[in-house]
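Reading through the structure tokens given below for one structure.
Just so you know, all these numbers are worked out from the coordinates, no wet-lab data involved. Remember, it's a predicted structure, so these values are computed and weren't measured experimentally. Glycine also receives a Cβ, built like all others from the backbone with ideal geometry; neighbour counts cover every protein chain displayed.
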Amino acid sequence: MTPPPGWYPDPHAPHRQRWWDGTAWTEHRSAPEAPAAPPPGGGAGRTKALVLTATGVVLVAAIVTGAVVLGGGDGDGTTTRTASTSTVEASSDAPEPTPEASTPEASTPEASADDPAVVEDQLNGVTFPLLDGWVRPRHVAQDDVVMTTDGTYDCPAGVGLCRHGMVFSRTVTANDEKSPETLAKADISEAADEAYDRDSLGRELYGGLKSHQVVRSGPVAVAGRAGYLVRWRVTTGKGPDGYVQSLVFPSSVGTESPVLVRYVFDAGEDGPPLADMDRLTKGIRPFGDADTGGGVGSSIGPTD
């Protein structure tokens with residue numbers, strides 16, 4: 001179940017390659033076409049390899065993703081915050097990147113050879129179901145994007161392009177904390193901030209995040225392991241409100257570092273069904289074992 005040593009897309013910078021020693025990530029990073037062997041000399045403090053520079057100029061336009069709201073809030077309180085997430089997409093008149101250029105697509109999650117409706121996240125040892133209305137990311141500059149809703153729309157504030165839904169998957173490596181509950185509760189505020197307040201240029205594409213309400217939290221079985229999720233309903237200044245969810249569970253590969261999956265859904269009839277959050281969570285499987293749904297934590301579920 002553990003990927004062999006080699007170069008893989010960096011979970012925190014998919015446009016770059018990072019050396020996996022068969023057990024854990026090293027500090028070696030390189031371009032996608034780097035040789036299939038680690039750089040000479042060992043140690044965690046080695047100089048990072050330079051990222052391959054694209055051989056053309058691609059015009060880009062800002063894109064921001066939202067969250068999805070269905071029904072009334074059944075949560076346990078409302079808190080005022082501010083927050084927003086932006087992504088970048090090639091403009092319609094920009095040239096198509098050449099195969100040798102470093103592009104977001106070069107590290108896009110791949111379809112399974114056995115099931116094209118499954119997206120593989122080999123580094124975290126899981127697969128995701130590709131539901132109707134969802135596509136693999138194209139020209140998305142944000143890190144760790146697993147899938148997005150199909151198409152874009154003009155952001156409510158009149159600047160940039162937004163998406164109705166995005167799903168992210170990343171490895172938690174910032175600290176020694178391993179508790180899914182602690183990590184999910186700590187991440188949800190940052191997830192909301194990055195989704196609905198200001199983008200990297202300081203623009204409030206949704207008019208800012210005005211408040212949030214916890215509508216769901218609790219333990220949940222993910223890929224046969226005991227995880228934890230926290231879901232917020234957020235209120236924005238302009239356009240649709242939304243839902244943001246942080247889900248954390250132990251990886252089944254390598255050092256079993258926690259895996260963080262973020263969901264950002266726009267509200268309203270144009271956004272993806274809120275039920276897709278549960279369908280995606282239920283459909284996460286250990287890599288190479290698409291039929292596994294039980295195991296540790298298989299009998300637990302989130303509390304409303």
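Inter-label distance, Arg279 to Glu190: 3.0 nm, where each label sits 7 Å from its Cα along the C-beta direction.
Based on the mean of other Cβ atoms within 10 Å per residue, sort peptides 128-139, 160-171 so the most packed one is first.
Result, highest mean Cβ count within 10 Å first: 160-171, 128-139.
Here the extension length gained between Thr173 and Lys238 equals 19.9 nm, from 0.36 nm per residue of separation less the Cα-Cα distance. The ranking of Val264, Val118 from fewest to most other beta carbons within 10 Å of each one's beta carbon is Val118, Val264.
Order of Ile284, Ile188 from fewest to most other C-beta atoms within 10 Å? Please list the in-between numbers first.
Values: Ile284 25, Ile188 22.
The order, fewest Cβ neighbours first, is Ile188, Ile284.
Can you sort Asp270, Asp241 by how many other beta carbons sit within 10 Å, fewest first?
By the 10 Å Cβ count, ascending: Asp270, Asp241.
Extension gain, Ser200-Thr23: 0.36 nm per intervening residue step, less the Cα-Cα distance, totals 60.3 nm.
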